[in-house]
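The values are calculated or read from the model by the stated rules, or taken from the named source; none is laboratory data. Remember, it's a predicted structure, so these values are computed and weren't measured experimentally. FYI the Cβ positions are ideal-geometry reconstructions off the backbone, even for glycines, and counts take in every protein chain you see. Side chains are part of the model used for accessible areas, which takes the heavy atoms of the whole protein and leaves out ligands, DNA and RNA. Shrake-Rupley method; radii C 1.70, N 1.55, O 1.52, S 1.80 Å.
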Amino acid sequence: MLARVRSAAVLGMDAYPVEVEVDVSMGLPGFTIVGLPDAAVNEAKERVRAAIKNSNYEVPARRITVNLAPADMRKEGPSFDLPIALGILAATKQIASNRLDDLMAVGELSLDGTVRPAAGVLAIALAAKGEGASGLLVPEANVQEAVLAGGLAVYPVKSLLQAAQFLEGSTSIPAVVCDADTGANGEPRYDVDFSEVRGQEYARRAMEVAAAGGHNILLIGPPGSGKTMLARRLPTILPPLTLEEAIEVTKIYSVAGLLPPGSSLLFRRPFRSPHHTTSAVAMTGGGQVPRPGEISLAHHGVLFLDELAEFHRDVLEALRQPLEDGVVTIARVQTTLTFPARFMLVAAMNPCPCGFFGDPVKECICTPMQIHRYRRRISGPLLDRFDLHIEVPRPEALALAEGATGEDSRVIRERVIQARARQQARLREYGVTTNASMPPRLVRRTCHLQEETRRLLQEAIDRLHLSARAFDRILKLARTIADLEGVEELQVHHIAEAIQYRSLDRPAARGL
């Protein structure tokens, strides 16, 4: 007796169809799973046995062979429990199998037959839609995630018994018709706000410029100056995710198994802050079957690296290619996978090992050689990928004592949204969305310099000995500053402000 159940497996950011073939034949009792299963799939034998028994069905005392086709691709995870159990029941004629031809099934089983949530259901729903399936049986906790695929009937199941009775026709499960718009939950709410930052007007302005143009920013200052506080509030002034961006972010978190059960679209921009002991694999993604890393989890959001100089050098150097390309490619013997990784990089570091170089209150105890070695932990090519280098000094005591508040995030976000709209209108025909993403040819085309602004920029190049990349960064920053003002032509004060945001380009900083 043979039965077939349609399912799917996740590979990278996408899912591919898997046909679960179940054969129940005469012979010594046994249960074998083939098709390159990993340990979690092999352990499905015990979960499926107990779930069938506790759902008032019988496990036949015969030879059971399960094949997961295609057999040359590695299968992992417990999401094949439900289709395997349904295949056994169909092969032994305990349930009808005629409805299995048009449906896909996915889900992990508890020993009592309860269907537990699975990872990557959004990718599986998109694969089911692409394969022409009429419906998808998913765990009830994953239904809001699955409906985002659109154009597919989703059947939430609580238990193996309910799924079996549904296939028999004795129980009805209302289909949830996919409609991505149901996931929209309006403007995201944050627990922090820029109005909580006391003083630091210069750093606040720099964060606004970075948000408006999508620029990477490096914050340098002594401990307690507010670097982390500023970084954690950056997502609150970024524009809300578009529907397409929200689906991309939700898909990444679904594949990584980090999507909360019962949740739908993630409209809040990601904020990832890995510890400085994070490995290169955890940062970029990988594993025997590659999974998204921190830079992919920060897609369309913010990746914050606190204590930048304490990260391992190989971890920092691994960021260079994703920062330029917006994707990270992971090569393995069997396959090569690409994960999206378009994020804003925000980093914070102390000016020296003790943290108090240049502090007006506490004296630095580091030698010039120690400071030089400390800063040399960050390579020049990586520093070049930061558009803004901002010194964050110790806040004045008067500002802290008075509790004066600045603009809140909502007001700043409105200006950022308007600046982004101007960029998109100007760059749409080139396939670019932000000033920070402009290639050099577009920088020359969109940043027209008048004689006075050209003279100022030339003087800055001569005095600071700027590289060609730093020259482009200044033009991009000036373009963003002009967009915040709603001005098309770059003016002298736009260039001057942009130069001020490149503190590490100054000879005094390079001479340490």
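Applying the criterion of being in contact with a helix residue (DSSP H, G or I) (Cβ under 6 Å, 6 or more places away or on another chain) and farther than 25 Å from residue 335 by Cα to the residues of the range 279-302, the residue that is most open to solvent (accessible area, probe 1.4 Å) is 300. Going through (1) open to solvent by 10 Å² or more (accessible area, probe 1.4 Å); (2) aromatic (Phe, Trp, Tyr); (3) in contact with a Ser or Thr (Cβ under 8 Å, 6 or more places away or on another chain) one by one, residue 271 falls short only on (3).
Residues checked against (1) without any contact (Cβ under 8 Å) to a residue 40 or more places away in the chain; (2) under 26 Å from the mean Cα position of the chain (by Cα); (3) surrounded by 19 or more Cβ atoms within 10 Å (Cβ to Cβ):
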site	(1), (2), (3)
387	no, yes, yes
427	yes, yes, no
440	yes, no, no
444	yes, no, no
449	no, no, no
452	no, no, no
470	no, no, yes
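If you go through the range 51-73 and keep only what is out of contact with any strand residue (DSSP E or B) (no Cβ under 8 Å at 6 or more places or on another chain) and surrounded by fewer than 24 Cβ atoms within 10 Å (Cβ to Cβ), you end up with 53, 54, 56, 57, 58, 59, 61, 72.
Among the residues of the range 124-155, those identified as among the charged types (D, E, K, R) and either in contact with a His (Cβ under 8 Å, 6 or more places away or on another chain) or open to solvent by 40 Å² or more (accessible area, probe 1.4 Å) (or both) are 129, 131, 140. Take the residues of the range 303-327 that are among the aliphatic types (A, V, I, L, M) and open to solvent by 10 Å² or more (accessible area, probe 1.4 Å): which is farthest from residue 346 (Cα to Cα)? Only one residue fits best here, namely 327. Can we say residue 377 is within 24 Å of residue 224 (Cβ to Cβ) and either open to solvent by 50 Å² or more (accessible area, probe 1.4 Å) or touching a residue at least 40 places away in the same chain (Cβ under 8 Å) (or both)? It is true that residue 377 is within 24 Å of residue 224 (Cβ to Cβ) and either open to solvent by 50 Å² or more (accessible area, probe 1.4 Å) or touching a residue at least 40 places away in the same chain (Cβ under 8 Å) (or both).
Select from the range 407-416 the residues that are farther than 24 Å from residue 386 by Cβ and either hydroxyl-bearing (Ser, Thr, Tyr) or open to solvent by less than 90 Å² (accessible area, probe 1.4 Å) (or both) and write down the one among them that is modelled with the lowest pLDDT. Let's see the steps before the verdict.
Within the range 407-416, the subset farther than 24 Å from residue 386 by Cβ is 407-408, 410-411, 414.
From the residues that got through so far, the ones that are either hydroxyl-bearing (Ser, Thr, Tyr) or open to solvent by less than 90 Å² (accessible area, probe 1.4 Å) (or both) too are 407-408, 411, 414.
Details: 407: 86, 408: 90, 411: 94, 414: 95.
Only one residue fits best here, namely 407.
Could you list, in sequence order, all residues of the range 332-358 that are surrounded by fewer than 18 Cβ atoms within 10 Å (Cβ to Cβ), of a type outside the set (Ser, Thr, Tyr) and under 30 Å from residue 290 (Cβ atoms)? 332, 333, 334, listed by residue number. Summed over the range 127-148, the residues that are out of contact with any Gly (no Cβ under 9 Å at 6 or more places or on another chain) and of a type outside the set (Asp, Glu) give a count of 8. For the range 92-123, taking the residues that are closer than 15 Å to residue 20 by Cα, within 28 Å of the chain's Cα centre (by Cα) and not small (Gly, Ala, Ser), the one that is most open to solvent (accessible area, probe 1.4 Å) is identified as 108.
The set of residues in the range 359-374 being closer than 17 Å to residue 504 by Cα, in contact (Cβ under 8 Å) with a residue 40 or more places away in the chain and open to solvent by 40 Å² or more (accessible area, probe 1.4 Å) consists of 368, 372. Contact map, the range 267-289: residues that are touching a residue at least 60 places away in the same chain (Cβ under 8 Å) paired with residues that are of a type in the set (Gly, Ala, Ser) and surrounded by fewer than 18 Cβ atoms within 10 Å (Cβ to Cβ), Cβ distance under 8 Å, separation 6+ or inter-chain. Pairs shown: 267/184; 267/186. Of all residues in the range 11-49, those satisfying the criterion of being among the aliphatic types (A, V, I, L, M) and surrounded by fewer than 16 Cβ atoms within 10 Å (Cβ to Cβ) are 26, 28, 34, 36, 39.
Here the condition is being within 17 Å of residue 3 (Cβ to Cβ), touching a Lys or Arg at 6+ places or on another chain (Cβ under 9 Å), in contact (Cβ under 8 Å) with a residue 60 or more places away in the chain and assigned to a helix (DSSP H, G or I); of 51, 90, it holds for 90 alone. In the set 488, 497, 459, 429, only one residue is outside any helix (DSSP H, G or I) and more than 30 Å from residue 369 (Cα to Cα); that residue is 488. Residues that are within 30 Å of residue 341 (Cβ to Cβ) and assigned to a loop (DSSP other than H, G, I, E, B) were ranked within the range 1-48; the one that is farthest from the chain's Cα centre (by Cα) is 36.
Being farther than 19 Å from residue 96 by Cα and modelled with pLDDT of 90 or more is true for just one of 125, 164, 184, 180. Which residue is that? Lay out the reasoning, then the answer.
On the way: 164 fails: farther than 19 Å from residue 96 by Cα; 184 fails: modelled with pLDDT of 90 or more; 180 fails: modelled with pLDDT of 90 or more.
Checking each option against the conditions leaves just 125.
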